[in-house]
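A.B. asks: Sharing a structure with you now.
The values are calculated or read from the model by the stated rules, or taken from the named source; none is laboratory data. It should be emphasised that the depicted structure is a prediction, and the values quoted were computed from it without experimental measurement. Cβ: placed from backbone, ideal geometry, glycine included. Neighbour counts: every protein chain shown. Heads up: the accessible areas ignore ligands, DNA and RNA and are worked out on the full protein's heavy atoms, side chains in. Shrake-Rupley method; radii C 1.70, N 1.55, O 1.52, S 1.80 Å.
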Amino acid sequence: MPSTSILLAGCGKLGGALLDGWLASPNPPRMVVLDRHRNCDNENVTIIRSADSVPDDFAPDIIVLAVKPAVADDVITSLTQTLGQRLENAAFLSVMAGRTCASLSAAAQKAGQKCPTLRAMPNTPSTIGAGVSGLYAAPDCTETQTRLCHDLLSAVGDVVEVSEEKDLLGVTALAGSGPAYVFLLAELLEKAGQAHGLSAETARRLARGTIYGAGRMLNELPDDAETLRKAVTSPNGTTAAALSELMQEEAWPRAVDKAISAAVRRAEELAG
């Protein structure tokens, strides 16, 4: 983690995941957190309830926008008016779905400031340092600003940089929303286990342990997912019987494609 000053605007589920991940890192940055509800007694964190309460001696390197997209313009206006010249070397890092760099830069310019903008889509495993984020930097961002944001996101997981902003639509649908798909799978496995006679606790442990172990294999072994799947699947065995249902065209192949497409469409709608 670099020696960086961060202003985190919004500390809900995603903003909170980033904050928790940064605090757990070996060298947490100095942070001011703008949020109406969050409390934190960590010495690296100053909590404020309104933009005009930013400490006078605080000049952020990065302002992380983790608020709802509908209130982003108001937050940007309030912060730019409060910080003024202290924004001279700062950049915005948005983790909001949908809002484009151009729209966020326009909001800052309307408030009288020119501020480079980057966008990222982390996911909630960032809370435990196991996140994955897509990162896009607008052309007016410096290499230093891009590196700072990359390092911040690296402190809570893996970072994949994309060269075109539109690619963040797919990042949002796949990685940003992806943990919910896995959690749903765990729910369904637990319920199916119980339906076939397992106790709730046994089904829970088996479902979660299986997903955890498979995830580790995907992360740590060089084999691709198809190779790992085939290695588990003995001809005419129990796994083959299950996969013959899941791999029907109207089952997982179609359902997963429809799910990702629905998430992409919603991200496009949020972008306006």
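A.B. asks: With every protein chain kept in place and ligands, DNA and RNA left out, what is the accessible area per residue of the range 188-247? Probe 1.4 Å, answer in Å². It would help to have the intermediate numbers written out before the result.
C.D. replies: Working: 4690 Å² over 60 residues.
With all protein chains present, the range 188-247 gives 78 Å² per residue.
A.B. asks: Next question, about the same structure. In whole Hz, with x marking every Gly and Pro, tabulate ³J(HN,Hα) for the range 160-170 from phi via Karplus 6.51 cos²θ - 1.76 cosθ + 1.60, θ = phi - 60°.
C.D. replies: These are the phi-based 3J(HN,Hα) values: 10, 7, 10, 8, 10, 4, 4, 5, 5, 4, x Hz.
A.B. asks: Would you tell me the accessible area of SER199, worked out with a 1.4 angstrom probe on the heavy atoms of the protein chains, in Å² to the nearest 10?
C.D. replies: Approximately 60 Å² for this residue.
A.B. asks: Follow-up question, since we're still on this one. Quick one: which of 165-172, 102-109 comes out on top by average Cβ neighbours within 10 Å, and what's the full order, highest first?
C.D. replies: Result, highest mean first: 165-172, 102-109.
A.B. asks: Here's something else I'd like to know. So what's the back-of-envelope 222 nm ellipticity for the chain, counting only DSSP H runs of four-plus at -39500 (n - 2.57) apiece and dividing by all residues, rounded to 500?
C.D. replies: Numbers: 10 runs with 127 residues, N = 272.
That calculation yields -14500 deg cm²/dmol at 222 nm.
A.B. asks: Extending each Cα 7 Å along its Cβ direction at LYS68 and GLU43, get the distance between those two points in nm, one decimal.
C.D. replies: 3.8
A.B. asks: Turning to a different aspect of this structure: So how much accessible area does ARG229 have, in Å² to the nearest 10, using a 1.4 Å probe?
C.D. replies: Approximately 80 Å² for this residue.
A.B. asks: Hey, which aspartates and glutamates would be in cross-link range of LYS68, C-alpha to C-alpha under 17 Å, not counting anything within fewer than 8 residues on its own chain?
C.D. replies: In chain and number order, the partners are ASP35, GLU268, GLU269.
A.B. asks: Given the whole protein assembly as supplied and a 1.4 Å probe, what does the accessible area of TYR181 come to in Å², nearest 10?
C.D. replies: 80
A.B. asks: Now for a separate question. For the range 150-223, what % of the accessible area comes from carbon and sulfur atoms, probe 1.4 Å? Mind showing how you got there, number by number?
C.D. replies: On the way: 2830 of 4780 Å².
Whole-percent figure for carbon plus sulfur exposure: 59.
A.B. asks: Short version: what are the Cα gyration tensor semi-axes of the chain, square root of 5 times each eigenvalue, largest first, in whole Å? List each step's numbers first, then the result.
C.D. replies: Values: eigenvalues 315, 81, 56 Å².
With the √(5λ) rule applied to the chain, the semi-axes are 40, 20, 17 Å.
A.B. asks: What accessible area per residue, rounded to a whole number of Å², is obtained for the range 1-145 using a probe radius of 1.4 Å? All intermediate terms of the calculation are to be shown ahead of the outcome.
C.D. replies: Working: 6380 Å² over 145 residues.
With all protein chains present, the range 1-145 gives 44 Å² per residue.
A.B. asks: Quick one: which residues, 5+ away or cross-chain, put their amide H under 5 Å from the amide H of LEU8? H built at 1.01 Å from N.
C.D. replies: VAL32, VAL33, LEU34, VAL64
A.B. asks: A further question follows. Of the listed peptides 230-239, 262-271, 87-96, what is their order by residue-averaged count of other C-beta atoms within 10 Å, with the highest listed first? List each step's numbers first, then the result.
C.D. replies: Details: 230-239: 10.7, 262-271: 15.5, 87-96: 22.4.
Output ranking for 230-239, 262-271, 87-96: 87-96, 262-271, 230-239.
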